[in-house]
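Right, one structure below, let's go through it.
The values are calculated or read from the model by the stated rules, or taken from the named source; none is laboratory data. All values derive from a computational prediction rather than experimental measurement. As a convention, Cβ positions derive from the backbone with ideal geometry for all residues, glycine included, and neighbour counts pool all protein chains shown. These accessible areas exclude ligands, DNA and RNA; they are computed on the full protein's heavy atoms, side chains included. Shrake-Rupley method; radii C 1.70, N 1.55, O 1.52, S 1.80 Å.
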Amino acid sequence: MSFPKGFLWGGATAANQLEGAWNEDGKGVSISDLSTGGTATQSKRITPHLEEGTYYPSHVAIDHYHHYKEDIKLFAEMGFKVYRFSIAWTRIYPTGFEDEPNEKGLQFYDNLIDECRKYNIEPLITICHYEIPWEIVKRNNGFYSRETIDLFTKYCRTIFERYKGKVKYWLTFNEINNGTNPAGGVLACGVLNETEKPTEFMHPVDDPEKRFQALHHEFVASALAVKMAHEIDPNYKVGCMQIMATSYPLTPDPQDQILNQQHNRRMNWFCSDVQCRGAYPTYMKRYFKEHNITIKMEPEDAQILKEGPVDFYTCSYYMSFCQTVHTENTKETAGNMMGGTANPYLKASDWGWQIDPIGLRYSLNEIWDRYQLPIMVVENGLGAYDKKSEDGKIHDDYRIDYLRQHIQQMGEAVEDGVDLIGYTTWGCIDLVSASTGEYAKRYGFIYVNRFDDGTGDFSREKKDSFYWYKKVIASNGEDLD
Ligand code: BGP
(Lines give C-alpha, C1' and ligand atoms only; values in the text may rest on other atoms or scores of the structure.)
Protein backbone atom coordinates (compact mmCIF):
# COMPACT_ATOMS: atom_id res chain seq x y z
CA MET A 1 0.00 0.00 0.00
CA SER A 2 1.58 3.29 -0.88
CA PHE A 3 0.50 6.77 0.03
CA PRO A 4 1.13 9.73 -2.25
CA LYS A 5 4.44 11.57 -1.92
CA GLY A 6 4.08 14.52 0.45
CA PHE A 7 1.17 12.87 2.28
CA LEU A 8 0.41 14.91 5.40
CA TRP A 9 0.79 12.63 8.43
CA GLY A 10 0.13 14.15 11.83
CA GLY A 11 -2.20 14.57 14.77
CA ALA A 12 -5.12 16.70 15.88
CA THR A 13 -6.31 18.51 19.01
CA ALA A 14 -8.70 21.30 20.02
CA ALA A 15 -7.92 24.30 22.23
CA ASN A 16 -10.59 23.70 24.88
CA GLN A 17 -9.54 20.08 25.29
CA LEU A 18 -5.83 20.66 25.84
CA GLU A 19 -4.75 24.27 26.42
CA GLY A 20 -6.07 24.99 29.92
CA ALA A 21 -5.15 28.55 31.02
CA TRP A 22 -8.83 29.26 30.53
CA ASN A 23 -8.71 32.77 31.98
CA GLU A 24 -5.10 33.76 31.37
CA ASP A 25 -3.77 36.62 29.26
CA GLY A 26 -7.19 38.12 28.64
CA LYS A 27 -8.97 34.97 27.46
CA GLY A 28 -12.77 35.09 27.76
CA VAL A 29 -15.21 32.33 28.68
CA SER A 30 -16.34 29.88 25.99
CA ILE A 31 -19.21 27.42 26.13
CA SER A 32 -16.68 24.68 26.86
CA ASP A 33 -15.37 26.56 29.90
CA LEU A 34 -18.82 26.15 31.45
CA SER A 35 -18.94 22.41 30.72
CA THR A 36 -18.44 20.16 33.73
CA GLY A 37 -16.77 16.78 33.85
CA GLY A 38 -18.90 13.68 33.15
CA THR A 39 -18.58 10.00 32.26
CA ALA A 40 -19.98 7.63 29.64
CA THR A 41 -23.04 7.09 31.82
CA GLN A 42 -23.27 10.49 33.55
CA SER A 43 -23.76 13.34 31.07
CA LYS A 44 -21.59 16.39 31.52
CA ARG A 45 -23.52 19.60 32.20
CA ILE A 46 -23.32 23.11 30.83
CA THR A 47 -23.86 25.54 33.67
CA PRO A 48 -24.94 29.16 33.17
CA HIS A 49 -22.44 30.33 35.80
CA LEU A 50 -19.36 28.82 37.34
CA GLU A 51 -20.55 26.69 40.24
CA GLU A 52 -18.43 26.79 43.34
CA GLY A 53 -16.74 23.43 43.92
CA THR A 54 -17.70 22.04 40.48
CA TYR A 55 -15.04 20.61 38.26
CA TYR A 56 -14.55 22.15 34.79
CA PRO A 57 -11.94 20.12 32.90
CA SER A 58 -11.16 22.73 30.23
CA HIS A 59 -9.82 25.12 32.86
CA VAL A 60 -6.54 23.29 33.15
CA ALA A 61 -6.97 20.48 30.58
CA ILE A 62 -3.40 19.23 29.98
CA ASP A 63 -1.94 22.71 30.41
CA HIS A 64 -0.65 22.79 26.84
CA TYR A 65 -0.67 26.60 27.07
CA HIS A 66 2.42 26.28 29.23
CA HIS A 67 3.78 23.07 27.68
CA TYR A 68 3.37 23.77 23.97
CA LYS A 69 7.10 23.80 23.23
CA GLU A 70 7.59 20.40 24.83
CA ASP A 71 4.50 19.02 23.06
CA ILE A 72 5.42 20.27 19.59
CA LYS A 73 8.92 18.89 20.08
CA LEU A 74 7.44 15.46 20.78
CA PHE A 75 5.22 15.74 17.67
CA ALA A 76 8.33 16.65 15.67
CA GLU A 77 10.13 13.62 17.08
CA MET A 78 7.36 11.43 15.69
CA GLY A 79 7.93 13.12 12.34
CA PHE A 80 4.63 15.01 12.06
CA LYS A 81 4.22 16.79 8.73
CA VAL A 82 1.05 18.52 9.89
CA TYR A 83 -0.50 19.48 13.22
CA ARG A 84 -4.19 20.24 13.43
CA PHE A 85 -5.14 22.50 16.33
CA SER A 86 -7.85 25.06 16.94
CA ILE A 87 -7.67 28.70 17.86
CA ALA A 88 -9.78 29.55 20.90
CA TRP A 89 -12.03 32.34 19.63
CA THR A 90 -12.16 33.69 23.21
CA ARG A 91 -8.39 34.26 23.27
CA ILE A 92 -8.76 36.57 20.28
CA TYR A 93 -12.14 38.17 21.06
CA PRO A 94 -12.90 37.37 24.72
CA THR A 95 -16.66 37.87 24.44
CA GLY A 96 -16.87 37.90 20.66
CA PHE A 97 -18.29 41.45 20.68
CA GLU A 98 -15.09 43.55 21.10
CA ASP A 99 -13.94 45.84 18.30
CA GLU A 100 -10.26 45.16 18.90
CA PRO A 101 -8.61 41.76 19.29
CA ASN A 102 -6.66 40.66 22.35
CA GLU A 103 -2.99 40.99 21.43
CA LYS A 104 -1.82 38.42 23.97
CA GLY A 105 -4.11 35.80 22.50
CA LEU A 106 -2.80 36.52 19.01
CA GLN A 107 0.76 36.25 20.30
CA PHE A 108 0.14 32.82 21.76
CA TYR A 109 -0.82 31.46 18.35
CA ASP A 110 2.10 33.31 16.72
CA ASN A 111 4.34 31.39 19.09
CA LEU A 112 2.56 28.09 18.51
CA ILE A 113 2.68 28.46 14.72
CA ASP A 114 6.35 29.51 14.82
CA GLU A 115 7.13 26.49 16.95
CA CYS A 116 5.49 24.21 14.36
CA ARG A 117 7.30 25.95 11.52
CA LYS A 118 10.61 25.49 13.34
CA TYR A 119 10.18 21.73 12.80
CA ASN A 120 8.63 22.04 9.32
CA ILE A 121 5.24 21.03 10.66
CA GLU A 122 2.40 22.48 8.59
CA PRO A 123 -0.30 24.00 10.81
CA LEU A 124 -3.89 23.02 9.98
CA ILE A 125 -6.11 25.37 11.95
CA THR A 126 -9.72 24.85 12.98
CA ILE A 127 -11.27 28.28 13.42
CA CYS A 128 -14.21 27.17 15.57
CA HIS A 129 -13.96 23.87 17.43
CA TYR A 130 -16.80 23.73 19.98
CA GLU A 131 -15.47 26.93 21.55
CA ILE A 132 -18.07 29.61 20.84
CA PRO A 133 -17.74 32.54 23.27
CA TRP A 134 -20.30 32.22 26.08
CA GLU A 135 -21.51 35.80 25.54
CA ILE A 136 -22.51 34.85 21.99
CA VAL A 137 -24.34 31.78 23.30
CA LYS A 138 -26.14 33.86 25.90
CA ARG A 139 -26.97 36.97 23.91
CA ASN A 140 -27.42 35.49 20.42
CA ASN A 141 -28.24 31.83 21.10
CA GLY A 142 -25.03 31.07 19.23
CA PHE A 143 -25.39 31.14 15.47
CA TYR A 144 -29.17 31.32 15.71
CA SER A 145 -28.83 35.09 15.45
CA ARG A 146 -27.71 36.40 12.09
CA GLU A 147 -25.48 38.90 13.89
CA THR A 148 -23.11 36.06 14.80
CA ILE A 149 -22.08 35.80 11.14
CA ASP A 150 -20.45 39.24 11.43
CA LEU A 151 -18.81 38.37 14.75
CA PHE A 152 -17.33 35.26 13.16
CA THR A 153 -16.08 36.97 9.99
CA LYS A 154 -14.50 39.74 12.09
CA TYR A 155 -12.60 37.03 13.98
CA CYS A 156 -11.66 35.30 10.71
CA ARG A 157 -10.31 38.52 9.19
CA THR A 158 -8.14 39.10 12.24
CA ILE A 159 -6.52 35.67 12.16
CA PHE A 160 -6.29 35.43 8.35
CA GLU A 161 -4.41 38.74 8.26
CA ARG A 162 -2.26 38.03 11.28
CA TYR A 163 -1.03 34.58 10.24
CA LYS A 164 -0.71 35.28 6.52
CA GLY A 165 2.36 33.61 5.05
CA LYS A 166 2.71 31.21 8.00
CA VAL A 167 -0.37 29.03 7.50
CA LYS A 168 -1.86 27.36 4.45
CA TYR A 169 -4.75 25.16 5.66
CA TRP A 170 -7.84 26.32 7.55
CA LEU A 171 -11.08 24.60 8.59
CA THR A 172 -14.10 26.77 9.35
CA PHE A 173 -16.37 24.78 11.74
CA ASN A 174 -15.48 21.53 13.46
CA GLU A 175 -18.00 18.76 12.74
CA ILE A 176 -20.55 21.26 11.48
CA ASN A 177 -23.04 18.47 10.69
CA ASN A 178 -23.20 17.60 14.37
CA GLY A 179 -25.60 20.56 14.40
CA THR A 180 -28.20 18.29 12.81
CA ASN A 181 -28.40 16.49 16.22
CA PRO A 182 -29.66 17.97 19.52
CA ALA A 183 -26.43 17.67 21.58
CA GLY A 184 -24.30 18.55 18.57
CA GLY A 185 -26.38 21.68 18.05
CA VAL A 186 -25.18 22.96 21.40
CA LEU A 187 -21.50 22.48 20.65
CA ALA A 188 -21.37 22.99 16.90
CA CYS A 189 -23.80 25.93 16.65
CA GLY A 190 -23.88 27.30 20.20
CA VAL A 191 -27.67 26.89 20.26
CA LEU A 192 -28.62 26.49 23.91
CA ASN A 193 -32.28 27.27 24.37
CA GLU A 194 -32.12 27.32 28.14
CA THR A 195 -29.28 29.45 29.55
CA GLU A 196 -30.72 30.19 32.97
CA LYS A 197 -30.27 26.71 34.40
CA PRO A 198 -27.78 23.88 33.87
CA THR A 199 -28.26 21.75 30.74
CA GLU A 200 -27.53 18.04 30.57
CA PHE A 201 -25.30 18.02 27.55
CA MET A 202 -26.77 14.87 26.01
CA HIS A 203 -30.35 16.04 26.65
CA PRO A 204 -30.66 19.74 25.88
CA VAL A 205 -33.97 21.57 25.38
CA ASP A 206 -34.11 21.08 21.64
CA ASP A 207 -35.65 23.24 18.95
CA PRO A 208 -34.76 21.76 15.53
CA GLU A 209 -35.81 24.89 13.66
CA LYS A 210 -33.32 26.94 15.67
CA ARG A 211 -30.53 24.43 15.04
CA PHE A 212 -31.12 24.44 11.30
CA GLN A 213 -31.39 28.22 11.25
CA ALA A 214 -28.07 28.39 13.09
CA LEU A 215 -26.56 25.95 10.60
CA HIS A 216 -27.72 28.21 7.78
CA HIS A 217 -25.88 31.10 9.39
CA GLU A 218 -22.79 28.92 9.76
CA PHE A 219 -22.95 28.02 6.06
CA VAL A 220 -23.12 31.70 5.15
CA ALA A 221 -20.33 32.53 7.62
CA SER A 222 -18.19 29.70 6.28
CA ALA A 223 -18.70 30.75 2.64
CA LEU A 224 -17.84 34.36 3.49
CA ALA A 225 -14.73 33.14 5.30
CA VAL A 226 -13.60 31.06 2.31
CA LYS A 227 -13.96 34.04 -0.02
CA MET A 228 -12.23 36.37 2.42
CA ALA A 229 -9.35 33.94 2.95
CA HIS A 230 -8.68 33.74 -0.79
CA GLU A 231 -8.73 37.53 -1.06
CA ILE A 232 -6.31 37.95 1.85
CA ASP A 233 -3.92 35.24 0.69
CA PRO A 234 -4.42 33.36 -2.58
CA ASN A 235 -2.36 30.50 -1.11
CA TYR A 236 -4.89 29.85 1.63
CA LYS A 237 -6.87 26.61 1.33
CA VAL A 238 -10.05 26.43 3.38
CA GLY A 239 -11.85 23.18 4.11
CA CYS A 240 -15.07 22.01 5.70
CA MET A 241 -15.02 19.53 8.58
CA GLN A 242 -17.71 16.89 9.05
CA ILE A 243 -18.40 13.98 11.40
CA MET A 244 -18.51 11.02 9.04
CA ALA A 245 -21.01 8.84 10.91
CA THR A 246 -21.02 6.01 8.40
CA SER A 247 -24.32 4.19 8.31
CA TYR A 248 -25.49 0.97 6.65
CA PRO A 249 -28.93 -0.57 6.14
CA LEU A 250 -29.19 -3.44 8.65
CA THR A 251 -31.10 -5.72 6.28
CA PRO A 252 -31.68 -5.94 2.51
CA ASP A 253 -35.28 -4.84 3.05
CA PRO A 254 -35.79 -1.87 0.68
CA GLN A 255 -37.38 -0.01 3.58
CA ASP A 256 -34.03 -0.16 5.36
CA GLN A 257 -32.31 1.23 2.25
CA ILE A 258 -34.60 4.22 2.16
CA LEU A 259 -34.32 4.78 5.89
CA ASN A 260 -30.56 4.64 5.64
CA GLN A 261 -30.48 6.93 2.62
CA GLN A 262 -32.60 9.49 4.44
CA HIS A 263 -30.44 9.23 7.54
CA ASN A 264 -27.25 9.63 5.53
CA ARG A 265 -28.56 12.60 3.65
CA ARG A 266 -29.46 14.48 6.81
CA MET A 267 -26.48 13.40 8.87
CA ASN A 268 -23.59 12.87 6.49
CA TRP A 269 -24.32 14.79 3.30
CA PHE A 270 -26.50 17.83 3.91
CA CYS A 271 -23.82 20.11 5.38
CA SER A 272 -21.03 19.00 3.07
CA ASP A 273 -23.32 19.31 0.05
CA VAL A 274 -23.88 22.96 0.95
CA GLN A 275 -20.24 23.63 1.75
CA CYS A 276 -18.70 21.73 -1.18
CA ARG A 277 -21.29 22.46 -3.86
CA GLY A 278 -22.34 25.93 -2.76
CA ALA A 279 -26.10 25.30 -2.66
CA TYR A 280 -28.76 23.52 -0.60
CA PRO A 281 -29.53 19.99 -1.81
CA THR A 282 -33.14 19.56 -2.98
CA TYR A 283 -33.76 16.53 -0.72
CA MET A 284 -33.73 18.78 2.36
CA LYS A 285 -36.89 20.56 1.18
CA ARG A 286 -38.98 17.55 2.09
CA TYR A 287 -37.18 17.04 5.39
CA PHE A 288 -37.81 20.67 6.37
CA LYS A 289 -41.45 20.46 5.30
CA GLU A 290 -42.11 17.27 7.25
CA HIS A 291 -40.40 18.64 10.35
CA ASN A 292 -42.10 22.06 10.20
CA ILE A 293 -38.80 23.82 9.75
CA THR A 294 -38.72 27.17 7.96
CA ILE A 295 -35.32 28.71 7.45
CA LYS A 296 -35.07 32.46 7.05
CA MET A 297 -32.72 33.31 4.25
CA GLU A 298 -31.73 36.73 2.96
CA PRO A 299 -31.89 37.33 -0.81
CA GLU A 300 -28.09 37.47 -1.07
CA ASP A 301 -27.48 34.15 0.73
CA ALA A 302 -27.73 31.88 -2.30
CA GLN A 303 -25.07 33.93 -4.08
CA ILE A 304 -22.81 33.96 -1.01
CA LEU A 305 -23.00 30.16 -0.76
CA LYS A 306 -22.30 29.83 -4.46
CA GLU A 307 -19.21 32.03 -4.22
CA GLY A 308 -17.72 30.29 -1.17
CA PRO A 309 -17.40 26.55 -1.72
CA VAL A 310 -14.54 24.97 0.20
CA ASP A 311 -11.21 23.95 -1.34
CA PHE A 312 -11.07 20.56 0.31
CA TYR A 313 -13.15 18.16 2.38
CA THR A 314 -12.20 16.87 5.82
CA CYS A 315 -13.90 14.64 8.35
CA SER A 316 -13.57 12.79 11.60
CA TYR A 317 -14.10 9.05 11.48
CA TYR A 318 -14.44 6.80 14.52
CA MET A 319 -17.28 4.32 14.11
CA SER A 320 -20.36 3.28 12.13
CA PHE A 321 -24.00 2.38 12.77
CA CYS A 322 -26.92 0.68 11.05
CA GLN A 323 -30.46 1.78 10.30
CA THR A 324 -33.48 -0.48 10.27
CA VAL A 325 -37.25 -0.50 10.47
CA HIS A 326 -37.05 -3.97 12.08
CA THR A 327 -36.30 -3.00 15.63
CA GLU A 328 -37.57 -6.16 17.43
CA ASN A 329 -34.28 -7.98 17.86
CA THR A 330 -31.76 -5.23 17.45
CA LYS A 331 -29.39 -3.59 19.88
CA GLU A 332 -28.60 0.08 20.22
CA THR A 333 -25.00 1.19 20.14
CA ALA A 334 -23.31 4.35 21.36
CA GLY A 335 -21.34 6.65 19.09
CA ASN A 336 -19.82 10.06 18.74
CA MET A 337 -22.52 12.21 20.42
CA MET A 338 -25.25 10.09 18.82
CA GLY A 339 -26.43 6.49 18.76
CA GLY A 340 -27.73 3.99 16.23
CA THR A 341 -28.52 0.34 15.65
CA ALA A 342 -25.62 -2.00 16.43
CA ASN A 343 -23.95 -3.91 13.61
CA PRO A 344 -23.64 -7.61 14.59
CA TYR A 345 -20.40 -7.91 12.60
CA LEU A 346 -18.51 -5.28 14.57
CA LYS A 347 -16.92 -5.01 18.01
CA ALA A 348 -17.07 -1.90 20.14
CA SER A 349 -14.51 0.19 22.06
CA ASP A 350 -14.53 0.62 25.85
CA TRP A 351 -16.98 3.49 25.31
CA GLY A 352 -19.26 1.38 23.11
CA TRP A 353 -18.32 2.94 19.74
CA GLN A 354 -18.35 0.24 17.05
CA ILE A 355 -14.98 -0.14 15.35
CA ASP A 356 -15.19 -0.34 11.56
CA PRO A 357 -11.99 0.25 9.56
CA ILE A 358 -13.58 -0.90 6.29
CA GLY A 359 -16.25 1.74 6.80
CA LEU A 360 -13.50 4.32 6.41
CA ARG A 361 -12.54 3.00 2.97
CA TYR A 362 -16.22 2.84 2.03
CA SER A 363 -16.88 6.41 3.17
CA LEU A 364 -13.77 7.88 1.56
CA ASN A 365 -14.92 6.43 -1.75
CA GLU A 366 -18.41 7.85 -1.27
CA ILE A 367 -17.02 11.30 -0.45
CA TRP A 368 -14.65 11.28 -3.42
CA ASP A 369 -17.34 10.11 -5.84
CA ARG A 370 -19.60 12.89 -4.65
CA TYR A 371 -17.27 15.89 -4.59
CA GLN A 372 -13.97 15.16 -6.39
CA LEU A 373 -12.20 17.38 -3.88
CA PRO A 374 -8.97 16.56 -2.02
CA ILE A 375 -9.79 14.83 1.28
CA MET A 376 -8.12 14.72 4.68
CA VAL A 377 -9.13 12.47 7.55
CA VAL A 378 -8.54 14.94 10.37
CA GLU A 379 -9.71 12.82 13.30
CA ASN A 380 -9.51 9.09 13.90
CA GLY A 381 -8.40 7.15 16.93
CA LEU A 382 -9.26 4.92 19.83
CA GLY A 383 -10.40 6.31 23.15
CA ALA A 384 -9.31 3.72 25.71
CA TYR A 385 -8.37 3.21 29.35
CA ASP A 386 -4.58 3.16 29.37
CA LYS A 387 -2.98 1.36 32.29
CA LYS A 388 0.69 1.41 33.15
CA SER A 389 2.36 -2.00 33.09
CA GLU A 390 4.74 -3.24 35.74
CA ASP A 391 7.63 -1.70 33.84
CA GLY A 392 5.90 1.68 34.23
CA LYS A 393 5.16 1.96 30.52
CA ILE A 394 1.96 2.11 28.46
CA HIS A 395 1.85 -0.81 26.04
CA ASP A 396 -1.09 0.30 23.92
CA ASP A 397 -1.12 -2.45 21.31
CA TYR A 398 -4.96 -2.08 21.10
CA ARG A 399 -4.50 1.50 19.87
CA ILE A 400 -1.83 0.44 17.39
CA ASP A 401 -4.19 -2.27 16.07
CA TYR A 402 -7.00 0.22 15.63
CA LEU A 403 -4.84 2.77 13.83
CA ARG A 404 -3.08 0.14 11.70
CA GLN A 405 -6.37 -1.21 10.39
CA HIS A 406 -7.67 2.26 9.59
CA ILE A 407 -4.46 3.25 7.83
CA GLN A 408 -4.62 0.02 5.79
CA GLN A 409 -8.12 0.91 4.69
CA MET A 410 -7.06 4.45 3.81
CA GLY A 411 -4.37 2.84 1.65
CA GLU A 412 -7.06 0.77 -0.05
CA ALA A 413 -9.05 3.95 -0.68
CA VAL A 414 -5.98 5.58 -2.25
CA GLU A 415 -5.67 2.49 -4.50
CA ASP A 416 -9.36 2.91 -5.33
CA GLY A 417 -8.49 6.35 -6.70
CA VAL A 418 -9.45 8.62 -3.80
CA ASP A 419 -7.43 11.86 -3.61
CA LEU A 420 -6.51 11.53 0.06
CA ILE A 421 -3.91 14.13 1.06
CA GLY A 422 -3.59 13.85 4.83
CA TYR A 423 -4.34 12.06 8.08
CA THR A 424 -4.28 13.53 11.57
CA THR A 425 -5.09 11.12 14.39
CA TRP A 426 -7.32 12.47 17.12
CA GLY A 427 -5.85 13.41 20.46
CA CYS A 428 -2.23 12.75 19.44
CA ILE A 429 -1.51 13.68 23.03
CA ASP A 430 -3.96 12.65 25.80
CA LEU A 431 -6.56 15.34 26.40
CA VAL A 432 -10.07 15.89 27.77
CA SER A 433 -12.86 14.01 26.00
CA ALA A 434 -15.37 16.22 24.19
CA SER A 435 -18.47 14.12 24.75
CA THR A 436 -17.87 13.01 28.32
CA GLY A 437 -15.41 15.57 29.74
CA GLU A 438 -13.01 12.90 31.02
CA TYR A 439 -9.26 12.40 31.05
CA ALA A 440 -9.81 8.65 31.46
CA LYS A 441 -10.74 8.34 27.79
CA ARG A 442 -7.27 8.57 26.31
CA TYR A 443 -6.34 8.75 22.63
CA GLY A 444 -2.72 9.88 22.67
CA PHE A 445 0.65 8.61 21.53
CA ILE A 446 1.81 10.67 24.49
CA TYR A 447 0.53 9.91 27.96
CA VAL A 448 -0.23 12.86 30.22
CA ASN A 449 -0.11 12.39 33.97
CA ARG A 450 -3.39 14.03 34.81
CA PHE A 451 -6.51 12.36 36.19
CA ASP A 452 -10.20 12.97 36.72
CA ASP A 453 -9.79 13.40 40.47
CA GLY A 454 -7.66 16.48 39.79
CA THR A 455 -4.33 14.82 40.62
CA GLY A 456 -1.32 14.46 38.35
CA ASP A 457 1.71 16.59 37.55
CA PHE A 458 1.08 17.00 33.78
CA SER A 459 4.30 15.20 32.89
CA ARG A 460 4.41 13.62 29.43
CA GLU A 461 5.48 10.03 28.59
CA LYS A 462 5.76 8.17 25.30
CA LYS A 463 3.47 5.16 24.80
CA ASP A 464 4.37 2.22 22.52
CA SER A 465 2.17 3.80 19.84
CA PHE A 466 4.53 6.80 19.79
CA TYR A 467 7.39 4.71 18.42
CA TRP A 468 5.04 2.84 16.09
CA TYR A 469 3.57 6.00 14.53
CA LYS A 470 7.07 7.39 14.08
CA LYS A 471 7.88 4.35 11.89
CA VAL A 472 4.60 4.70 10.00
CA ILE A 473 5.39 8.30 9.12
CA ALA A 474 9.04 7.62 8.28
CA SER A 475 7.97 4.90 5.83
CA ASN A 476 5.09 7.01 4.42
CA GLY A 477 2.60 4.40 5.62
CA GLU A 478 4.42 1.33 4.31
CA ASP A 479 5.72 -0.03 7.61
CA LEU A 480 2.65 -0.75 9.73
CA ASP A 481 4.10 -3.62 11.79
C1 BGP B 1 -15.03 14.66 17.86
C2 BGP B 1 -14.57 16.02 18.28
C3 BGP B 1 -13.35 16.04 19.08
C4 BGP B 1 -13.08 14.81 19.90
C5 BGP B 1 -13.49 13.52 19.26
C6 BGP B 1 -13.51 12.31 20.17
O7 BGP B 1 -16.41 14.66 17.85
O8 BGP B 1 -14.34 16.85 17.17
O9 BGP B 1 -13.29 17.25 19.77
O10 BGP B 1 -13.09 14.93 21.20
O11 BGP B 1 -14.72 13.59 18.65
O12 BGP B 1 -14.63 12.35 20.97
P13 BGP B 1 -14.58 12.15 22.53
O14 BGP B 1 -13.60 13.16 23.01
O15 BGP B 1 -15.93 12.43 23.01
O16 BGP B 1 -14.13 10.77 22.75
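So if we plug the beta-carbon distance of ASP391 and ALA76 into 1/(1 + (r/R0)^6) with R0 = 35 Å, what FRET efficiency do we get, rounded to 0.05?
0.85
Quick one: go through the range 243-264 and flag any residue whose amide nitrogen is under 19 Å from the point 7 Å out along the Cα-to-Cβ line of THR327.
In the range 243-264, the label zone of THR327 (backbone N under 19 Å from the point 7 Å along Cα→Cβ) covers 247-264.
Quick one: Debye curve from the C-alpha atoms of the range 54-193, no solvent, what's log10 I(q)/I(0) at q = 0.09, 0.17 Å⁻¹?
Once normalised to I(0) and log-transformed, intensities are -0.29, -1.01.
To the nearest µm²/s, what D does Stokes-Einstein give for the chain at 20 °C and 1.002 mPa s, using the Kirkwood radius over alpha carbon pairs as Rh?
Value of D from the Cα-based Kirkwood radius: 96 µm²/s.
Would you compute the Debye intensity of the range 133-181 from its alpha-carbon atoms alone, equal scatterers and no solvent, and pass along log10 I(q)/I(0) at q = 0.21, 0.23, 0.25, 0.27 Å⁻¹ to two decimals?
-0.89, -0.97, -1.04, -1.09
Among the listed pairs LYS27/LYS347; LYS164/LYS393; LYS69/LYS168, which are separated by more than 30 Å between their Cα atoms?
LYS27/LYS347; LYS164/LYS393
Rounded to the nearest whole Å², what accessible area per residue is found for the chain with the 1.4 Å probe? Walk me through the numbers before you get to the answer.
On the way: 18370 Å² over 481 residues.
For the chain, the solvent-accessible area averages 38 Å² per residue.
Note down the nm distance, to one decimal, between modelled labels 7 Å out along Cα→Cβ at LYS227 and at PHE288.
1.9 nm
Pop out the carbon and sulfur fraction of the accessible area of the chain as a percent, whole number, probe 1.4 Å.
The C+S portion of the solvent-accessible surface of the chain is 48 percent.
Please list, ordered by chain and number, the residues whose modelled amide H lies under 5 Å from the amide H of GLU131; skip anything fewer than 5 residues away on the same chain.
Those qualifying (amide H under 5 Å, at least 5 residues apart or on another chain) number zero.
In what sequence, highest mean first, do 357-367, 130-140, 256-266, 230-240 appear when ranked by Cβ atoms within 10 angstrom? Show your work: numbers first, answer last.
Values: 357-367: 21.2, 130-140: 23.8, 256-266: 16.3, 230-240: 17.8.
Descending mean neighbour count gives 130-140, 357-367, 230-240, 256-266.
If the only charges are +1 at each Lys and Arg Cβ and -1 at each Asp and Glu Cβ, what is the size of the charge dipole of the range 144-243 around the Cα centre, to the nearest 20 debye?
Using Cβ point charges on Lys, Arg, Asp and Glu, the range 144-243 gives about 640 debye.
Taking R0 as 25 Å, what FRET efficiency do you get between GLU298 and GLN372 from their Cβ-Cβ distance, rounded to the nearest 0.05?
E(calc), rounded to 0.05, equals 0.25.
Binning at 10 angstrom from zero up to the longest distance, how are the C-alpha pair distances of the range 223-306 distributed in percent?
Pairs per bin, as whole percents: 15, 36, 31, 14, 4, 0.
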